[in-house]
Amino acid sequence: MSYAVSSFPGTLGWVVPKRGPKFRRFAMSLPELSPSPDDRAGIDASILQRMAGGDKAAFAELYDRFSRPLFSTAVHILSDASEAQDIVHDVFLALWEKAALFEPGRGSAFSWAVTLTRNRSIDRLRTRRRRTDLLEKSAPEDLGYQASTADGAGDQAVAGDEAVVVRQAVANLPAEQKRAVELAFFSGLTQQEIAERLKEPLGTIKARIRRGLLRLRDSIPHRL
Amino acid sequence: MIDERQEELAALAAFDLLEGGEKAQFDGEMARNPELRRRVDELRLAANSLAHAAPSVTPPPALKDRVMASVTSRKQAHAPRPVERAKVIPFPVIIAWAAAACFAVAAAITGQLYINARTHNQVLIDQGKLADLELKSAQNRFEAQRLFHEQELAVLRQDSDQAVAVAKADAAKARTDLVAATERMRRENDLAQMKISTLASLLGNSSQAQAVAVWNPAKQEGVLSVAKLPSAAADKDYELWVIPDGKGAAPIAAGLVMIQPDGSGRAVFRADKPVAQIAKFAVSLERKGGAPAPAGNIVLLSQ
């Protein structure tokens, strides 16, 4: 029997059996374990490191890990799948070109990719002529899921563990904080525009965004 | 230490909702406060996790092919090189390098001072040239103004001369008109003051004889015109008399009156003495050569 010890930082205790039928049977009896948030961030960081060396296989792996949430975010902001594809294409090219410039100490690779996606999507949104109509389509006050975690098994499988956790955290927010935070992230509106949209004073909106985001920070595991 | 206001701004920054002056001020605070910077990073992580909350949409398989095809020709940015550990340099080498560095610095400073001095000198020269140009320009402007004013002055003088000439001509004409008017008035006045008298015949045998006397008291002269008066005898002459106004005033001799063969006669006469006002005129027949006082018969007398 031989073991492959992962070289990823923070995962020295993770032992992957490479060969051996007995160990395979033993391993198959263990419950399915997903990497922890820190592990996921570490894996992403090591992929970026390999990408910086020109490793296209690593790039493909990163694409498989990030494309769904990035594409979903872009579609949700733009309400246009075709434009969302352009955005995601440009984001991954930027990740490839600037992989060597990524600083793990400043945040996760996923967070970096989401920032790129969101900024490009909102820029695209703001240049459209029918901005008001599109904002009404793309920024519903409710993302459409309930506080219950009883999502269908299929949806959970498609969404992934991270999505389930985050959706649960968002659904658990007080309604007014949830609306403020969702508009802040997905709508492309300014602070003042969000306040006008929700018909609340600007100071109230700022406070709701602050409280909602602090709750999310405390609810969602670090480095998701 | 982060207060509530900073935490609120950090949340907004995590969503890239800060703009303008608010953003600039917060960026400054972050630069000075590493803890605040870490809070923003932390909240941005939480904010970006919302990407997982978007309704899940599977990207089309063709998108991956498109992305993979695009990266083939793309260049990658290079990471900054790590700082290498400094090597140990011997002391004499350090001294030599220090001396060379000092010399280089001194040379650079001297060179810069020289360049500055040359530049300053050139600037002064350029300023001098500019001042000269400005002076010439000012002189040209003054000369142009002087010529313009001279021309204006010449025009004014010409206009003035013309005006004077016209005024003089007008004055001369006025004087002429005044003289003419005065003369006219004087003549009219003289005419108004002239005495015109008709003299009737006192001769029984020549009753048709008559005369007209016109006297100008201003000039003290007059004209007598006679018609149909018989000629005087060879030893006789007709003599004109001016009789002043006033009781008992003696007639004043006014000269002889020569009669033509046809009985007409004309004489311009003056009184021997000044006469203020004439009452009558008379013609008498006197001895040849006339008399100082009327002695003969009166043949004509004004009415």
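The values are calculated or read from the model by the stated rules, or taken from the named source; none is laboratory data. Owing to the predicted nature of the structure, the values given are computational and were not obtained by experimental measurement. Cβ placement follows ideal geometry from the backbone for every residue including glycine, while neighbour counts extend to all protein chains displayed.
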Exercise. For B:Val40, state whether it is surrounded by 14 or more Cβ atoms within 10 Å (Cβ to Cβ), part of a helix (DSSP H, G or I) and of a type in the set (Val, Ile, Thr).
Key: yes
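When residues of the stretch A:59-87 are filtered for being under 16 Å from B:Pro55 (Cβ atoms) and in a helix (DSSP H, G or I), how many remain?
Going residue by residue through the stretch A:59-87, those that are under 16 Å from B:Pro55 (Cβ atoms) are A:67-81, A:84.
Remaining after also requiring in a helix (DSSP H, G or I): A:67-78, A:81, A:84.
Total satisfying the criteria: 14.
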Self-check item: Scope the stretch B:1-41; condition within 7 Å of another protein chain (Cβ to nearest Cβ), touching a residue at least 24 places away in the same chain (Cβ under 8 Å) and more than 12 Å from A:Phe185 (Cα to Cα); matching residues
Solution: B:Glu7
Quiz item: Only one of (1) in a loop (DSSP other than H, G, I, E, B); (2) aliphatic (A, V, I, L, M); (3) touching a residue at least 40 places away in the same chain (Cβ under 8 Å) fails for B:Ala213. Which number is that?
Solution: (1)
Quiz prompt | Those residues of the stretch B:1-23 which are among the small types (Gly, Ala, Ser) and surrounded by 11 or more Cβ atoms within 10 Å (Cβ to Cβ), in sequence order | solution = B:Ala10, B:Ala11, B:Ala13, B:Ala14
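Conditions (1) of a type in the set (Val, Ile, Thr); (2) out of contact with any Lys or Arg (no Cβ under 8 Å at 6 or more places or on another chain); (3) modelled with pLDDT of 95 or more, marked per residue:
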site	(1), (2), (3)
A:Val15	yes, yes, no
A:Arg19	no, yes, no
A:Phe26	no, yes, no
A:Glu32	no, yes, no
A:Pro35	no, yes, no
A:Arg40	no, no, no
A:Ser46	no, yes, no
A:Met51	no, yes, no
A:Lys56	no, yes, no
Quiz item: Looking only at the stretch A:71-106, which residues are farther than 19 Å from A:Arg50 by Cβ and facing chain B (nearest Cβ under 7 Å)?
Solution: A:Phe71, A:Ser72, A:Thr73, A:Val75, A:His76, A:Gln85, A:Val88, A:His89, A:Arg106
Quiz item: Filtering the stretch A:49-70 down to residues that are at the interface with another protein chain (Cβ under 7 Å from one of its Cβ atoms) and free of Cβ contacts under 8 Å to residues at least 24 places away in the same chain, which residue is farthest from the chain's Cα centre (by Cα)?
Solution: A:Gly54
Exercise. Count, please, the residues in the stretch B:54-80 that happen to be part of a helix (DSSP H, G or I) and crowded, with 16+ Cβ neighbours inside 10 Å.
Key: 4
